[in-house]
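Asker: Pasting a structure below so you can have a look.
We did not get these values from a lab; they are worked out from the coordinates using the rules stated. Remember, predicted model here, so these are calculated numbers, not experimental data. Note: ideal-geometry Cβ built from the backbone for every residue, glycine included; neighbour counts use all protein chains shown.
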Amino acid sequence: MKTLKYLGHSCFLLSDGRTSIIFDPFLTDNPNAAAAAADIDCQYVLPSHAHNDHLGDTVKIAKRTGATVVSTAEMSGLCGGQGCKTHAMHLGGKRAFDFGYVRLTLAFHGAGVPGGHACGFVVNFGGTTVYHAGDTSLFGDMALLGRLEKIDYALLPIGDNFTMGPADAVEAVAMLKPRFVVPMHYNTWPVIAQNPEDFKRDVEERLGIPVLVLKPGATQDLA
Ligand code: NI
Ligand code: MN
């Protein structure tokens, strides 16, 4: 059984009981963290950019577990320089791993590391396709991504202020055409306070695509 566990903010753990992948492991200092960095067991860490609410505990987790950090070349340089095992990729690149493949996608946002660019990830995990958008504004090429990949689960920021907000995220869903949507990057702090139930209603009424609102700590079985 493949599962997606929400650990708060933009942090998710994707697992099939053999391989585990953690996205944006911001746990220390995350007021909604549903796990401690010391308790994470995984083989891959996928940080979307170097802002602390995404890079977070990447180095700590990767060094303790021996997990490989997969991200942009600049992020790999940053983490490799601190002793992590890394695999550098860049925007538009796709690569096979033992669990499936990773495609690094555009994300319109600061990198938090000199010379870099924020990214998102499409992860094909044993045939289930998960798109973690990272921090991003709405952008029209999400339509292209929706054509290139048959996305099962789209993990999208809805917090506004730093990323797209709920109304723009509805437009993103319309372009990506995933089977399911999971909102993220909201309610961690007052500046990104949102009601995910309003977003859920808007997406489901307008597009008929189910939105899974996960509480930090909740585990979703992947269909
Ligand atoms: Ni950011
Ligand atoms: Mn962020």
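Asker: Using a Gaussian network model of the chain with C-alpha springs under 10 Å, which one of TYR131, TYR101, TYR186 is most mobile by mean-square fluctuation?
Answerer: Comparing TYR131, TYR101, TYR186 in the GNM, the peak value goes to TYR101.
Asker: Can you compute the radius of gyration and Dmax for the chain, using only the Cα atoms, both in Å?
Answerer: 15.7, 48
Asker: Sketch the reach of a paramagnetic label on THR3 as a point 7 Å from Cα along Cα-to-Cβ, and name the residues of region 106-138 whose backbone nitrogen lies under 18 Å away.
Answerer: Flagged as within label range: 125-126, 128.
Asker: Around LEU27, which amide H atoms from residues at least 5 apart in sequence, or from another chain, sit under 5 Å from its own amide H, with H modelled in the peptide plane?
Answerer: Here the answer is ASP57, since their amide H atoms fall under 5 Å of that of LEU27.
Asker: To continue, here is another question. Multiplying the sequence separation of ALA193 and VAL213 by 0.36 nm and subtracting their Cα-Cα distance, what value in nm do you get?
Answerer: Numbers: separation 20, 0.36 × 20 = 7.20 nm, distance 1.45 nm.
Result: 5.8 nm gained on full extension.
Asker: On to the next question. Which residue fluctuates most in the GNM of the chain (Cα springs below 10 Å): LEU27, LEU14, LEU91?
Answerer: LEU91
Asker: Springs between alpha-carbon atoms under 10 Å, Gaussian network over the chain: tell me which of SER71, SER20, SER48 tops the mean-square fluctuations.
Answerer: Result: SER20 has the largest fluctuation of those listed.
Asker: Around LEU7, which amide H atoms from residues at least 5 apart in sequence, or from another chain, sit under 5 Å from its own amide H, with H modelled in the peptide plane?
Answerer: Sorted by chain and number, the residues that satisfy this are PHE12, LEU13, GLY217.
Asker: I'd like the FRET efficiency for ALA167 and ARG147, computed as 1/(1 + (r/R0)^6) with the beta carbon distance as r and R0 of 30 Å, rounded to 0.05.
Answerer: Numbers: r = 23 Å, r/R0 = 0.77.
Here the calculated transfer efficiency is 0.85.
Asker: Sticking with this one: Taking a threshold of 22 Å on the Cα-Cα distance, which of the pairs LYS94/LYS215; LYS85/LYS150; LYS63/LYS215; LYS2/LYS215; LYS5/LYS200 fall above it?
Answerer: Flagged as over cut-off: LYS94/LYS215; LYS85/LYS150; LYS63/LYS215.
Asker: Size of the dipole of the chain about the Cα centre, Lys and Arg at +1 and Asp and Glu at -1 on the beta carbon, nothing else charged, in debye to 20?
Answerer: Numbers: 18 positive and 22 negative charges, 140 e Å.
About 680 debye.
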